[in-house]
Amino acid sequence: MTSLRSTTAALLTGAAIATFALPAAAQSASEVDALRAQVKELLTRIEKLEKAPSTPAGPPASKDAPLVAADAYKAPQVTQSGNAKVKLTLSGQIGRVVSLVDDGFDSDLIHADNATASSRIRLAGQAKLDDNWTAGTDIELETSSASSRSTGIGSDGGSNFSVNERKVEFWIQHKGFGRLWVGQGDTATNQTAEVDLSGTVTLLGYSDIGQAFGGVAFRNKATRVANATVNTAFNNFDGLHREDRVRYDTPTFGGGFQLSTSVTEGGATDGAVRYNAKIGDTEVAAAIAYADNDSRTGFDTQTSGSVSVKFASGFNVTAAAGTRDLGPRDSDFWYGKVGYIAKLTPIGASSFSVDYYKQQDLTVAGADAKAIGAAFVQTVDAWATDLYLGVRNHSYDTPTADFKDVFGVITGARVRF
């Protein structure tokens with residue numbers, strides 16, 4: 001811009017000098033004044049252009065550009081930390097579902113927030129001391145309007161808006177020593193029963209059966225009385241979830257192994273072994289965990305784990321199992337899934353899965369709960385969005401009563417930002 005101004009100014013000045021140098025008979029005083037005014041106006045305009053902020057050129061427009069190429073038009077990254085030493089990242093997602101459910105006597109259309117891929121916002125900070133030491137913070141809040149885990153038939157889900165803490169923590173990490181976490185966040189055993197490479201795990205088709213239709217109750221075939229809900233009849237014993245805790249993770253070793261342990265507020269302790277690796281073209285992920293609930297109510301101890309294998313062809317298999325000591329009895333579950341991931345369209349991956357789940361003795365001794373389902377997830381890369389559709393049938397019986405099945409169809413979207 002400076003060179004443009006200088007060059008233009010020189011040309012205009014030269015023209016003005018040449019004009020002034022003409023014989024007086026060839027020009028009038030009014031013509032000279034007019035030319036001077038024009039030169040002054042042009043120089044003023046050039047000065048304004050020089051001071052204006054420059055706008056970087058965008059990608060060339062093309063009417064034939066495919067939809068997937070839209071990621072070239074990235075929004076400007078404007079998030080800035082209040083402390084120049086800390087890199088701040090703002091992220092989150094909107095996760096909404098619409099489900100049609102039937103409990104054998106009544107049906108309802110439910111609008112809710114996906115309990116697993118819930119609407120949330122996250123602020124993550126990170127600062128680096130040197131090549132070995134890094135520290136960071138996480139504040140993640142869930143903003144849920146009617147959770148699919150608790151909204152049932154006839155519920156006024158729209159009145160159940162809540163803001164819940166998911167993570168409020170800081171961590172320190174050394175490349176050679178591992179990471180130490182302090183605050184509200186994932187315990188060492190969280191998600192160890194949910195290792196899943198199928199592409200449908202975080203949305204609707206995985207071992208946490210209660211997340212999609214959890215608020216719908218099973219109704220007695222004879223009396224129509226509501227009993228356990230889907231969420232209370234199924235439990236995958238997935239560790240100690242998220243708690244106020246101190247947690248330690250080792251660095252990855254042995255080609256993909258990692259050890260974790262944590263101590264929570266109230267004295268509960270847990271430990272886990274995780275494995276993530278690629279063997280040739282095959283991806284393998286697994287975890288096994290043990291938790292001692294100490295004196296807290298709910299259960300005494302539990303053991304759970306899961307494994308998932310994805311082949312280069314896109315086919316994948318997943319299994320999970322666990323047992324919980326409830327004091328007077330033990331409860332067990334088994335879960336299996338077969339899936340397939342393919343790039344059927346240029347917009348993103350398409351994931352399919354079918355699964356089966358069986359639970360025993362959870363609500364009462366002799367209780368038997370089963371679920372079978374199918375799921376489809378279509379990722380749209382250019383929108384950072386996952387669209388999904390799923391169906392699931394749930395059955396539940398006890399030694400003293402039989403209940404109608406709960407059947408549901410669910411569709412929704414997760415939009416990440």
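The values are calculated or read from the model by the stated rules, or taken from the named source; none is laboratory data. This is a predicted model, so every value here is computed, not measured. When we count neighbours, we look across all protein chains shown, and the Cβ atoms used for this are built from the backbone with ideal geometry, even at glycine. Areas reflect the complete protein model, heavy atoms only, side chains present, ligands, DNA and RNA absent. Shrake-Rupley method; radii C 1.70, N 1.55, O 1.52, S 1.80 Å.
Sort out which residues of segment 143-202 are at pLDDT 90 or above, small (G, A, S), outside any loop (DSSP other than H, G, I, E, B) and closer than 26 Å to S351 by Cβ, and write them in order of number.
Result: S147, single match.
Which one of these is open to solvent by 30 Å² or more (accessible area, probe 1.4 Å) and at pLDDT below 90: L88, L67, L100?
Numbers: L88 fails: at pLDDT below 90; L100 fails: at pLDDT below 90.
Result: L67 is the single residue among L88, L67, L100 that is open to solvent by 30 Å² or more (accessible area, probe 1.4 Å) and at pLDDT below 90.
Given the conditions (1) under 28 Å from the mean Cα position of the chain (by Cα); (2) open to solvent by 30 Å² or more (accessible area, probe 1.4 Å); (3) touching a residue at least 12 places away in the same chain (Cβ under 8 Å), and given that G314 satisfies all but one, which numbered condition is not satisfied?
Condition not satisfied by G314: (2).
Starting from segment 319-345, keep only residues that are closer than 10 Å to S207 by Cβ, then list their pairs with residues that are surrounded by 15 or more Cβ atoms within 10 Å (Cβ to Cβ) and aromatic (F, W, Y) whose Cβ atoms are within a distance under 6 Å, requiring at least 6 positions of separation or different chains.
Note: pairs meeting the criteria are A320/Y335; G322/F237; G322/F333; Y335/Y357.
For segment 216-231, which residues satisfy the criterion of being in a loop (DSSP other than H, G, I, E, B), in contact (Cβ under 8 Å) with a residue 40 or more places away in the chain and surrounded by fewer than 24 Cβ atoms within 10 Å (Cβ to Cβ)?
Kept after step one, since they are in a loop (DSSP other than H, G, I, E, B), are these residues of segment 216-231: 216, 221-225.
Of the ones still in play, those that are also in contact (Cβ under 8 Å) with a residue 40 or more places away in the chain are 216, 221-222, 224.
Result: K221, A222, R224.
Are any residues in segment 86-116 within 27 Å of E165 (Cβ to Cβ) and in contact with a helix residue (DSSP H, G or I) (Cβ under 9 Å, 6 or more places away or on another chain), and if so, which ones?
V97, S99, I110, H111, A112, D113, N114, A115, T116 - these are the residues of segment 86-116 that are within 27 Å of E165 (Cβ to Cβ) and in contact with a helix residue (DSSP H, G or I) (Cβ under 9 Å, 6 or more places away or on another chain).
Mind checking whether some residue in segment 277-296 is under 18 Å from G176 (Cα atoms), open to solvent by less than 60 Å² (accessible area, probe 1.4 Å) and either part of a strand (DSSP E or B) or in contact with a Leu (Cβ under 9 Å, 6 or more places away or on another chain) (or both)?
No, segment 277-296 contains no residue that is under 18 Å from G176 (Cα atoms), open to solvent by less than 60 Å² (accessible area, probe 1.4 Å) and either part of a strand (DSSP E or B) or in contact with a Leu (Cβ under 9 Å, 6 or more places away or on another chain) (or both).
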